[in-house]
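In what follows, a single structure is set out as structure tokens and then discussed.
The values are calculated or read from the model by the stated rules, or taken from the named source; none is laboratory data. Fair warning: this is a prediction, and the values are worked out from it, not measured in the lab. Heads up, the Cβs are rebuilt from the backbone with ideal geometry, glycines too, and the neighbour counts pull from every protein chain shown.
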Amino acid sequence: MNNRISLLKKVLAAILVASCYNTASTATEIDLIPKPIRMEQTSGKFQLTPQATIGFDTELRDQAEYLQQVISQSTGWDLELKENTRKASIQLLLNPEEVDKPEGYLLTVTPKGVTVTGEDKGGVFYGIQTLLQLFPSEIYSDRRQRHVEWTAPAVTIYDAPNRPWRGMMLDVARYFYDKEFVKKYIDMMAMYKLNKLQFHLIDDSGWRLEIKKYPRLTEVGAWAGPDYNRLGGFYTQEDIKELIAYAEVRNVEIIPEIEFPAHILSAIVAYPWLSCTGLQHEVPTQHFISKDLLCVGKESSIQFLRDVLEETAELFPSSYINIGGDEANYTRWESCPYCQAVIKREGLKEASELQGYLTNLVAEMMKEKNRTVVGWEEIFLRGEIKTPVVGLIWHNVGDTILATRAGHKAILIPATHMYFDFPESQTPGEVKAATWMPPISLEKCYSMEINDYSEESTVIGVQGCFWSDQFIHGNVLQEIDYLNENRSENYAEYFTFPRLLALSEIAWTSQTARNYPDFYQRLSGHYSRLDFKGCHYRVPEPRIERMESTPSGKLKFTLSSPVAGAEIRYTTDGSYPSIHSPIYTAPVEVNDKSDFHAITVVTPRHYSLPIYFAPDYSAYQQYGNYTAEWKPLIVQSQMAPWKFECTGKIAGNGNYTIAFIPTKGESSLKLGKLKLYKRDELLVETAQSSTDEANPAITTYRFTVNDFDAGTPFFIEVEACGENGNDTSGLVFILKEAQ
Ligand code: ACM
Ligand code: ZN
């Protein structure tokens, strides 16, 4: 062992026994996300100067050039690169003996210099990311920042990921994000040490990958709407190569997702013979889950799949190929003579097993190319799959056990915690997007537990998921002023951040080392890093530190800003606060909590929703979910249609009861015919109302939904007017009956 290694081993041993991460004394200075395994702050700081140099082991040229470029953009200094030297101020080294965990690194910062030692290139890249987090936030800017003291506190950090798969899915099929945005998304993932991008390239609404053998996939399948208003786009194979190279430097593996047998209407539009019926369709301009599947019975469609997967595997170096596999409705296969013939030939019992048959076929084919098949959990739930696959557990975390028993591996991506297309809150004004489940607050996201659900761990990682299906219709995704100028991309960032930082820590840091209050505190300084990256995010509401009753019967609020350096503005008269409302400087007293509103203001164009106290509807629990309310202002004198949204309250097929509950007023609401719409499609029409047994003033309607689609907006339209004038107020609730 040479002297240098022996010294480093001693340092490492010292850190092992030293107290670990000490947020209390260092929180304002060091706020790393994800939290490293071990960190010791030493004395002094490293000062970056224009004379600093970057030394690197030959294999680390890409990482050295990356660091050089980041520093150059923000400081304006082009640091000299020095290959194979031990005399540089910032030293990048590869040493798998010293750091023995994949993607692990040892970072030492002293007043004399910086050393990043990695187990592999990924480890060195992550050491660089940690180093960047030690510098002022301005280091992330792509424009020169002046008057900044470019220092990093002296520390020794040993770090490595807890799980090898730390992923994010980006749905570029429902909404086409251009190459530059995808690069930015990869860059943001890399900043927070995520290493797998599931590239959702195919869906009903668009085919985004150039396949040379089938040019109509992108000539036709990548575009929706009439010529004058065409929407869509695709990546050429050259674009893909550029993205792969960009991601590789950042230790991100791009895993292409070729969806089948469902979610493939865009291909069927281009080549109608791919489906069982052969009928011509159009690429939808609205969110839509097609019932048309790839026909398993026609040799031509199987050959198509082979050709597409072959070209995809040649293009992407990833050791994984994602085959989608979610949400197939098997009715087409049930009535297709070609598919039925395969069922008979293979001795299968039902049409759903054809999916298992297809998965086996493809998994075997990919194995010959040294690739492992990944897919949504359905891929291992439709019959015995003989080749080991990796299942993305999105629906039922308990299915992890089934994956383990069958010899497969699992990645946790539960919709309850990891679907970033759900809003963070139900605060009025919140961007709604997906509504088929409750909101996922930052805290809820962070609370996701990684439970292996079995003795032998087969959970290789965690992934976040960003669906774009809501981005192709404006009636659900409402405008937010400060996001307007480049709507979809900014919305994508609004949904992704800051929850991606929670994902980062869930995936990287061991569960026992995670702690939400500590994370929340460290997060405060990261918003300015996102700002310098030019990345939008959801500004969190002011934090209520205390809410106390005063002796004079008032309520006293003590607040803190969740974003370092941001202001809080507030009102006490029930009005909506603006960026010109009074600045919060000391605890505020109000008569009633509904009088109090406060917002976090980062900049005049970037501020939060107000603190919101949801009304207490617990007295109406038996009527289900609050859906709408009526007030005198909207009550008409003649029977007229009253339409309101009930997306999210209609949550699957089944029986529902809608209740109209009067709460106030001399008059009452007279009700007539009720209609339920799925977007513009009339699903239910009923004139048959009843009165509630417990309370005859309550009017109810019962109806059945047979054609539910997740992600599609639902509306109720009911004829209504005031019985004796408009002095009536009330609430509408919807209850889904247990099945
Ligand atoms: C999915 O959300 N359909 C995987
Ligand atoms: Zn068929």
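Couple of notes before you dig in:
- Verdict on residue 469 being modelled with pLDDT under 90, crowded, with 17+ Cβ neighbours inside 10 Å and among the charged types (D, E, K, R): yes
- Of all residues in the range 725-739 being part of a strand (DSSP E or B) and over 30 Å from the mean Cα position of the chain (by Cα), the one that is surrounded by the most Cβ atoms within 10 Å (Cβ to Cβ): 732
- Counting the residues of the range 663-683 that are of a type in the set (Asp, Glu) and over 42 Å from the mean Cα position of the chain (by Cα) gives 1.
- Number of residues in the range 392-407 that are of a type outside the set (Gly, Ala, Ser) and either within 16 Å of ligand 1 (Cβ to nearest atom) or buried (at least 22 other Cβ atoms within 10 Å of the Cβ) (or both): the value is 8.
- For residue 244, the stated conditions hold: it is closer than 30 Å to residue 104 by Cα and touching a residue at least 60 places away in the same chain (Cβ under 8 Å).
- Residue satisfying all of: in the range 316-375; of a type in the set (Lys, Arg) and within 16 Å of ligand 2 (Cβ to nearest atom); nearest to the chain's Cα centre (by Cα) among these: 332
- Some residue of the range 323-338 being surrounded by 15 or more Cβ atoms within 10 Å (Cβ to Cβ), farther than 24 Å from residue 171 by Cβ, in contact with a Phe, Trp or Tyr (Cβ under 8 Å, 6 or more places away or on another chain) and free of Cβ contacts under 8 Å to residues at least 60 places away in the same chain: no
- The criterion of at least 3 residues that are within 21 Å of residue 738 (Cα to Cα) and in contact (Cβ under 8 Å) with a residue 40 or more places away in the chain is met by the following strands (runs of 3 or more DSSP E) wholly inside the range 654-724: 654-664, 699-705.
- Test: residue 190 is in contact (Cβ under 8 Å) with a residue 60 or more places away in the chain, in a loop (DSSP other than H, G, I, E, B) and under 26 Å from the mean Cα position of the chain (by Cα): no
- Scanning the range 293-315 for residues that are more than 14 Å from ligand 2 (Cβ to nearest atom) and among the hydrophobic types (A, V, I, L, M, F, W, C) turns up 308, 309, 313, 315.
- The listed residue being more than 24 Å from residue 312 (Cα to Cα) and within 16 Å of ligand 1 (Cβ to nearest atom), out of 382, 332, 345: 382
- The single condition among (1) among the hydrophobic types (A, V, I, L, M, F, W, C); (2) within 27 Å of residue 713 (Cα to Cα); (3) more than 16 Å from ligand 1 (Cβ to nearest atom) that residue 302 does not meet is (2).
- Restricting the range 269-287 to residues that are within 14 Å of ligand 2 (Cβ to nearest atom) and either assigned to a helix (DSSP H, G or I) or polar (S, T, N, Q) (or both), the residue that is nearest to residue 366 (Cα to Cα): 274
- Filter result for residue 715 (more than 16 Å from ligand 1 (Cβ to nearest atom), under 30 Å from residue 469 (Cα atoms) and either within 30 Å of the chain's Cα centre (by Cα) or modelled with pLDDT of 90 or more (or both)): yes
- Of everything in the range 583-640 that is β-branched (Val, Ile, Thr) and within 28 Å of the chain's Cα centre (by Cα), the residue that is surrounded by the fewest Cβ atoms within 10 Å (Cβ to Cβ) is 603.
- If the condition is being among the acidic types (Asp, Glu) and closer than 16 Å to residue 257 by Cα, then the range 322-372 contributes 326, 327.
- Conditions (1) modelled with pLDDT of 95 or more; (2) within 29 Å of residue 205 (Cβ to Cβ); number of the one not met by residue 505: (2)
- Residues in the range 692-707 that are in contact with a strand residue (DSSP E or B) (Cβ under 7 Å, 6 or more places away or on another chain) and closer than 29 Å to residue 437 by Cα: 692, 698, 699, 700, 701, 702, 703, 704, 705, 707.
- Residue check for residue 638: more than 16 Å from ligand 2 (Cβ to nearest atom), of a type outside the set (Gly, Ala, Ser) and in a helix (DSSP H, G or I): no
- Test: residue in the range 306-318 that is part of a loop (DSSP other than H, G, I, E, B), in contact with a Cys (Cβ under 9 Å, 6 or more places away or on another chain) and either within 22 Å of residue 203 (Cβ to Cβ) or aliphatic (A, V, I, L, M) (or both): no
- Looking across 266, 290, one residue alone is modelled with pLDDT under 95 and either of a type in the set (Ser, Thr, Tyr) or within 13 Å of ligand 2 (Cβ to nearest atom) (or both). It is 290.
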